Structures are given as structure tokens and as C-alpha cells.
Amino acid sequence: MKKRVLMAILLMLSITLVFGAAQREVVQDDTKPYAGVTLHVIAEQQNPTLALEKQLADFEEQTGIQVELEMGPMDNVVGKEMLAMESKSGAYDVISIPYQFLGQLVVNDYIQSIDPFFDRQDLKLDNFDKKDLIAGMVAASGEWKGVNYGIPSNTCIMVMFYREDLFGNPEEKAAFKAKYGYELNPPENWDQYRDCAEFFTRKAGSRLAGKQLTQDFYGTSIAGKRHDAMTCEWLNYAWSFGGGVFDEDGNLIINSPENRAALDYFVNLVPFCPPGVSNNTWDELTTQMQQGIVAMQIQWNDCAPSVEDPSSSKVAGKVGYTTIPVKVNPVAHYGAWTYFISADAPNPEAAWIFLQWVNTSEVQKKIALEGGFPTLSSVFNDPELVVELPYWQASLDAYKISSRRPRIPQWNEMNNAMMLELSHVIAGNKNSATALRDLASAYNKLLAGELPVDYQ
Amino acid sequence: MSLQVGYRQRTALLFHLPAMIILTAITMVPLIYNIRISFFGFTLTQSGSRDVFVGLDNYVRLFTDHEYWNSMWVTARFVVCSTLLQLVLGTVLALIIHYYGGRLHRILTSGIMIPMLVAPLVVGLMFSFTLNPQFGLYSFLVDVFHLGLSKTPLSSGGTALAVLILTDVWEWTPFMMLMTLAALRSVPMEPYEAAILDGAGRILIFRKITIPFIRPVVSVSIILRAIEAFKVFDKPFILTGGGPGNSTEVIDMFTYREAFVNYNFSYAAALCVVLFILLLCAGILYWRLVIRRQEDD
């Protein structure tokens, strides 16, 4: 009996030794030096993040690194990230956050530079090519005073959506030429945009492209809710008109004649919009386009997949996409969340491997096919995507003329002040001049002692 | 005997202890922490700001902040209008059901209670769809019945606040009704019988018997509703985002914006402290003026 027990113990010990050695071999595998590490990543719940989540098993198989991906709506995600970094809890290795927070993150040492990692050959993934990253995107999203801190995650850019079927309709073309004296084409400047908006605004019962309208139809729609959507849209007009927030030297130009003209123009579009402009964010704008009640709008390109989805859109296949009309400057508002490695990341090396993997062409292409936009030139020029996605070419063109928001630490509060003042103008409580004067005064208070800003 | 009482007290204390510990942990500790950080310059976007003592700076800023005073004014209008409307409608509904409900009173009570059971966030979303100018029921009714009303009530400051008040009234009138109905049910029959024998009219009976009997319950309901109305957040957040302009930015939205959009935690904490003191004072005042007087009567 004793012998049997001894034999059993010996057998178990041998099994343990054999499997233990094998397991140690996995841990010590040179191709997977960080196997067994768990990365904590947090990002906004958007199509690209969901597309990424589906591919995490591949990453885990490839590197042995486990990823705990936490997702949520914007305010929650940003709040959690800020709290984690401020309290130096080390809760997240990788954070995804809108790029306009970059200045705050750098000034407070909340994130770490990724430049040293680019030189680390021991951490390099074979299928990651730094040169393939779109340089402009990386600079806008993650570069601060010559140092790289992050790589864009969910990028998007504003383009013009227009009803291709209406703009190409011979009857409409003839009527437009008779009224305005030039050809009806997707507008290239803001005067044409206004004309087109006025032309297509019609009451129920009138005819549109040979059919009788059963409900009112509108030339355009704008985002007028006290919301990020409004400031994002209006900044296109401001930049295009030659205005903006700061000039190149960092002086405040918010109360400039160009901005006043841009704001007047923006508000004067309201009569050509569906009623209730002051409740519109990008969501309402997308719905209005999907329902086929507007002819054009300035919109984020990541809303295009919803417009092209036949199960939820009446106009799938009927919408054209092009760059935003021009007044003085050709512009397109660039928006992006960016992956950063937090300063107190418990596993920065593994986090860098994750960032590289996210930016490989295989991963990026799958993200693109699920409604996201890639960060790599090779994927952007992928013939399959160019042919398959109608908004692809316009997005490519827009990225070439992209403009971005200031990324200074005060921008978040400045943006909120801008929302309030623009909302006053949309509601008719203030005129453009008063609102911009008040906004300038709020900005001067927020930036006291820091003007002109030395870097944005 | 005294030993027994001591034992009983100890047992009672023991049973109460878990609740007291939990309550202290989830209410008193955050409250004290909140008061503490209101004297600091804690903002999430500035490393190390957590420990920067600023004294009364946040309170001084608050009293000179136009946005704060605007949100207090919006909140005050919201609280007064919605509570008053709920009081009147709730009492009328309760009286109708009490005196004329007959056999249907149970069904009527249950039916009227439905809005109260819906989560405030869902109420906001529901009204947001109902008021959608293109696809909403409201716009459809305005067209069909040629009501001559604005199809975009949320686009103008005055009507947007009115819509918020009405959504609150829609949701919480049943609460007022339920409380008043319960109070009406508990009124003893004897005073009524005596009054009828003495030849008193209906209005006199209502004024002299019904109102004094239901007043304590209704008074408490008013204070409960007013406090809840002061804390309204979900509906303006969903329906208007505080706009147009800042015409519907109630105090809780303003505080939320400062804390979780601008990340000025200390300033938001100071806002909460002032709100807490104001509500406490209002509560005490109301207690002394209304409820204690009733007890004295």
C-alpha cells in the first residue's frame, strides 16, 4: 500500500516537472517576452474600438499578452482616465483620449513619450511599419513640442454629405441654372452652399427630382445644440473664413471680423434647416440625412457608414461625399482619439507592443471594414476599400487639408465656453458680435498671463 | 430590570450597528470629504492640485459667477412651478378619485401611477422623441389640430423650461395624488358626520375638516417634491443639454459640468456645499413655519 502511494506521488511529481518545465519554456519564449502580462486599456465605445475588441484574441495568441479592454461613453471614459492618472493609481497601461487633451496630459506628466520605444528593436513587431503611419495624423494627435506621445486610435474628419441623386437630376439642374445662373454641382464655396441650401428647401406638396414631396424638405441641417457637435461644426466655418481661435503666433483671434462673418453665415443657414436646430448634434444630423429630408450637411465621416446602411437609411447609395466648401482656406476639422501610454503604466513595454499591433495593416483594415478609419497610408490606399466605401476618397482628400483644435491645457474649458456662446446665438439671445466679444472676454480670463500661447 | 434594559439596549445597538456603519461610510464620509476639498484647488487636469489649499476662493468665485446665479434662478423657477402644479393637480386628482372614483378607484390609481414608475432618464428620452420636430407625436398633433403652437418648443429659452416643468409635472403629479389620497382615506368619518348634522355645506366641510386633516401629509409631500425638483438633472440633460444658451441649465447640470466636463472638482464641491446649506435652511424654515405650526394647532 505504502509503495503504491509512493509510486503515485512520484508519478505526480514527474508530471508536474514535465508540464512545469514546458510552461516555463512558454514564459521564456523569446518571441513572446511579455507572455502572461495583462494590459489594462480604456477607450470610447465606438465602431473602431468594437472592431478592435473582436481581434484581441489574435493579439493574445501572437504575443501572449492578455488585454482587459474597458469601454464606455466619452465623458465617463475621460473622467476615469483623468482620475486614474491624477491619483497615479496605475490603473491603465494604455488610455485612449481625444487629442485636444494632449497639452494637459503632457504638462501634468500623465503620459510618457513613445519616442524611446521606436528605437527598441527588442520590442518591435515584424508587421509594424512606422513609415506607413500617416505623419500628419500622428503629429496632430500625439506630437507635442517635437516629442511623440501617442498614436491615433479612432480618427475621423469632417466632410460634406450631399444627395448625389438630387444634384445629378436633370430637372433640378435646369431649374437651378435658371434661378442662379450657374450649374448645379456639389458646392465648392460657401456662397454656392447657401444657394444650394436655399434651392432645395421646399414645402410638402412641391416637387423634388420629379416626385411630389409628402413632407417638408430642407437644403441643409446644422448642429445647434449646446454640445461638442456645434463647436466642432462651426470651427470649420471659422477656419474656412480665415478666422479661428488663435493665429499662428498664438494671439487670440476669436473676436475677429472673419469669425463674426463665419458665425453670421452659420446662423443664416437656420431657415434652410429642419426646425429644431438647437437640438441637433451629429446624431440628429445623421438621422435627418438617413430619413432623406435634407440635401446637404457638414458632417463627420464616421457617420457615413450609418447613412450607407440600407437597414437604417432611406438614402443608402444616394449620398455623395466631398470636401467642405472653401471661403479663404480649404479646411476639414480633424477629430481623433489617441492611444497614449500612461506615465504610471505597470507594463509600458507590453503597452508599446499593443500600440504597434493596433497599427498593423491587418488590424487597421478590419477596423476600416467595420466603419473606422485607418492610420496607415497602405490601408487608406487599399484598392478594395477605395472601391467599396463611397466616403473613402472624400475622407482621403479631407485628411490632406485637415485642421485641428488647439490642444492647450485650457482648451476643454474654452470649448465649453464656446458651446455656451454659440448656443446663445442660435437661440437668438445674442448676436454674433456680442457672443464673440463675450467669448473673447471669457478666454482672456481663462488664459490670463499665458497669451500669446507658445504652443497649440 | 436595569440589567435587562442594558442588555436590550446593547442588542439594539448591535443590530443597528451595520446600518449605522454603512450609512456613515456612504453618506457622512463623502460629505465630509466634499466639504474638505471645497477649500482646495483640486482639479483633475492639474497634477498635485489636490493638496493646494485655497481657503474660501471657491466660495468667492461662486458668488461672483454669473453662470451660477443663472442656474440658481432657473432652478428656483423650475422648483416653484413644478411643485405648485403638482400640488394643485395632484390634490384635484386625489379628490376626484376619492369622492367620485367609486369602484374604479383602484384601476384609476394604478393607471395614474404609471408615469411615476418610469425612470427619469427614460422620461427624458420619451419626451425627446415625442417633441422631435420632424418625427414626433407633438409635431403631428400640432399639424393635425392646427394648434398654432411652436413645433420646436425646446428651441426657445422660455418654452424649453416650460417643457421641462411639464415633463416633471407629468412624472410626479401621481406622487402628490397618491399621498393626498392616502391622507384623505385616513380622515375619520366622525367629524364629517357631526358637520353634516350641524348643517355645514360641502365647501365649509372641505375647508374646515378635510384640509386640516390632509395638511400634514401634503406639507411633507411638498417638501419631498421640492427637494427632488431641486436635484433635477436627467430631464434637462437629455432634452436640452442646458440650452438654448443657458436657459435650462439647472444647478445640478451646472455642477455636473464643472465637475465632470471641466474637472474642477473643488469648485463643484463648493457648489454642492452651498446647495446643501441652502436646502437645509429651506427645510428647517419650512419645518418651523408650516409643519410645527400645524402640530401646535
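The values are calculated or read from the model by the stated rules, or taken from the named source; none is laboratory data. None of the values given here were measured: they were computed from a predicted structure. Cβ coordinates were reconstructed from backbone atoms using ideal geometry, including for glycine residues, and neighbour counts include every protein chain displayed. Just so you know, the surface numbers come from the protein's heavy atoms only, side chains and all, with ligands and any DNA or RNA stripped out. Shrake-Rupley method; radii C 1.70, N 1.55, O 1.52, S 1.80 Å.
Things to note:
- Largest mean-square fluctuation among B:Ile112, B:Ile222, B:Ile22, in a Gaussian network model of chain B whose springs join Cα atoms under 10 Å apart, belongs to B:Ile22.
- Chymotrypsin sites (Phe, Trp or Tyr not before Pro) within region A:92-201, DSSP loop, no more than 13 other Cβ atoms inside 10 Å: A:Tyr182
- For region B:211-224, Karplus couplings with θ = phi - 60° (6.51, -1.76, 1.60), whole Hz, Gly/Pro x: 4, x, 6, 8, 4, x, 5, 5, 4, 5, 4, 4, 5, 4
- Distribution of pairwise C-alpha distances over region B:183-227, 5 Å bins, in %: 5, 22, 25, 20, 12, 8, 5, 2, 0
- Chains A and B together bury roughly 2500 Å² of accessible area, counting both sides, with a 1.4 Å probe on protein heavy atoms only.
- Solvent exposure of chain A amounts to 42 Å² per residue of accessible area, where only protein heavy atoms count and the probe is 1.4 Å.
- Eligible lysines near A:Lys314 by straight Cα distance, threshold 17 Å, same-chain separation 8 or greater: A:Lys211
- Ranked by how many other beta carbons lie within 10 Å on average, peptides B:87-99, B:261-273 from highest: B:261-273, B:87-99
- Occluded residues from region A:75-107, i.e. those whose accessible area drops by 50 Å² or more once the chain is not alone (1.4 Å probe): A:Asp75, A:Glu86
- Value of D in µm² per second that Stokes-Einstein yields for the protein assembly as shown, Kirkwood Rh from Cα pairs, at 20 °C (1.002 mPa s): 71
- Inter-chain neighbour count for B:43-52: the average number of beta-carbon atoms from partner chains within 10 Å of each residue's beta-carbon is 5.
- P(r), alpha carbons of region B:24-153 - 5 Å bins starting at zero, rounded %: 2, 8, 8, 9, 12, 14, 12, 10, 9, 8, 6, 3, 1, 0
- B:Gly243 long-range amide H proximity, modeled H, under 5 Å: A:Arg226, B:Thr248
- Cα-based shape type of chain B, given that a ≥ b ≥ c are square roots of the gyration tensor eigenvalues and the cut on a/c is 1.5: oblate
- For region A:407-456, the extents of the C-alpha atoms along the principal axes are 35, 16, 13 Å, listed from largest to smallest.
- Shielding by other protein chains, A:216-229, mean Cβ within 10 Å: 2
- Using θ = phi - 60° and Karplus 6.51 cos²θ - 1.76 cosθ + 1.60, couplings along region B:87-93 (whole Hz; Gly, Pro as x): 5, 5, 5, x, 5, 4, 4
- Distance between the C-alpha centres of region A:323-366 and region B:118-145: 39 Å, rounded to the whole angstrom.
- Prolate/oblate/rounded label for region A:306-456 (Cα gyration tensor, a/c 1.5): oblate
- Taking all protein chains into account, the per residue accessible area for chain B stands at 56 Å² (1.4 Å probe).
- Rounded to 10°, Cα long-axis angle of helix A:74-86 versus longest principal axis of chain A: 50
- Antiparallel DSSP beta bridges within the protein assembly as shown, as percent of all bridges there, nearest 5: 65
- Cut-off under 5 Å, modelled amide H: who pairs with A:Ile111 long-range: A:Ala343
- Long-range tail of P(r) for region A:146-196 (Cα pairs > 15 Å, %): 58
- Legend: mean number of C-beta atoms from other chains within 10 angstrom of residue C-beta atoms, peptide B:254-260, equals 2.
- Dimensionless Rg/Rh of region B:4-68 - Kirkwood Rh, Rg from C-alpha atoms: 1.31
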